[in-house]
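What follows is a set of notes on a single structure, which appears directly below.
Values in this text are rule-based calculations from the coordinates and carry no lab data. Source: prediction; values computed, not measured. Reconstructed Cβ throughout: ideal geometry from the backbone, glycine too, with neighbour counts over all protein chains shown.
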Amino acid sequence: MKVCIIGSGNVATHLAKALWEAGHIITQVYSRTLSNAQLLADETDSTAIDRLDDINLFADVYIISVKDEVIFSIAEKLSLPGKMIVHTSGTVPVEVLGHSSEQYGVFYPLQTFSKNQSVSFVDIPVFLESNTEDAMNILKSLASISDQVYEADSEERKKVHLAAVLVNNFSNHLYHLADDFLRKNNIPFHILKPLIEETTRKVMDRTPAEAQTGPARRGDESTINAHLELLKNDPELYEIYKVLTKSIRNHS
Ligand SMILES: NC(=O)c1ccc[n+]([C@@H]2O[C@H](COP(=O)([O-])OP(=O)(O)OC[C@H]3O[C@@H](n4cnc5c(N)ncnc54)[C@H](OP(=O)(O)O)[C@@H]3O)[C@@H](O)[C@H]2O)c1
């Protein structure tokens, strides 16, 4: 298929490259920053543009992969009769695209993407939603770059995205807080890496509830109090420690 990519960030970059490698043609790459569009266009044998008015009608599918907040404002400026328009957000409803074309949908890849970190699309679950059966068939054809394809409506996708925020964004933020805490105490973060790896590996073959360990799970009050004492001058981390300890206790 011929695909126009609108956006040149993390997802746009990986998706455009995966589609191009699978044999699709990338007609144009749009970004408000021409140099960003150019970088991706160069890698996908495409043309870079930085004006929405320059988007042509040679593609079959138009994929908007920009910050959630601007998907609608970009879509409402596009008129793509007879074409398919798609966004890649976990939470934005599919209907925001309804103004631009009679065929629209969502292609939400459930993975964390950073431009310079390579990913294999084959292993990434992709959640599809569309307003017509024909549109779903187009999406499925694009999604053949993945071995795990699911259909989900906007409400289900929002719930999947929320769970993804819990396991990915929140866990990573806890790594960040642990890094800051260790740095203040002149201890390097890398000492935690085997523990991070083992924690992730463990939930691959047991439930998260079964994998839970630690003072809150065991009810070791003296250890919990010792940790809170260490955090008494750090009100933010103190509060986070207390909230998570309470939650682990409630679910043990
Ligand atoms: N990152 C992930 O792990 C992930 C995973 C699944 C789905 N998604 C979804 O994929 C979409 C893109 O996310 P991303 O992480 O790839 O974002 P990103 O790397 O932050 O890239 C954002 C893109 O939006 C453009 N943009 C930002 N503000 C704009 C504005 N006011 N007008 C026009 N363009 C604007 C940026 O243009 P410039 O290059 O000019 O800054 C850039 O091309 C989002 O809907 C997100 O929810 C993300």
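A few comments on the model shown:
- Among the helices (runs of 4 or more DSSP H) confined to the range 169-235, the ones with at least 2 residues that are farther than 20 Å from Ser247 by Cα are located at 171-184, 193-202.
Every residue, every condition in (1) closer than 21 Å to Ser120 by Cβ; (2) surrounded by 15 or more Cβ atoms within 10 Å (Cβ to Cβ); (3) charged (D, E, K, R), yes or no:
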residue	(1), (2), (3)
Val149	yes, yes, no
Glu155	no, no, yes
Val160	yes, yes, no
Asn168	yes, no, no
Asn172	yes, no, no
Leu182	no, yes, no
Pro188	no, no, no
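- Count of the range 11-31 residues which are of a type in the set (Ser, Thr, Tyr), under 22 Å from Lys77 (Cβ atoms) and either in contact with a Phe, Trp or Tyr (Cβ under 8 Å, 6 or more places away or on another chain) or in a helix (DSSP H, G or I) (or both): 1
- Filtered residues of the range 53-69 (kept if near the ligand (Cβ under 9 Å from one of its atoms) and either within 17 Å of His14 (Cβ to Cβ) or of a type in the set (A, V, I, L, M, F, W, C) (or both)): Ile64, Ser65, Val66, Lys67
- Among residues of the range 32-46 being away from the ligand (no atom under 13 Å from the Cβ) and crowded, with 17+ Cβ neighbours inside 10 Å, the one that is nearest to Ala75 (Cα to Cα) is Ser46.
- Residue identified as buried (at least 21 other Cβ atoms within 10 Å of the Cβ) and either of a type outside the set (S, T, N, Q) or in contact (Cβ under 8 Å) with a residue 60 or more places away in the chain (or both) among Val92, Val70, Val122: Val92
- Members of the range 1-10 that are touching a residue at least 60 places away in the same chain (Cβ under 8 Å) and surrounded by fewer than 23 Cβ atoms within 10 Å (Cβ to Cβ): Met1, Gly9, Asn10
- Within this structure, Phe58 fails the test of being of a type outside the set (Val, Ile, Thr) and over 24 Å from Asn137 (Cβ atoms).
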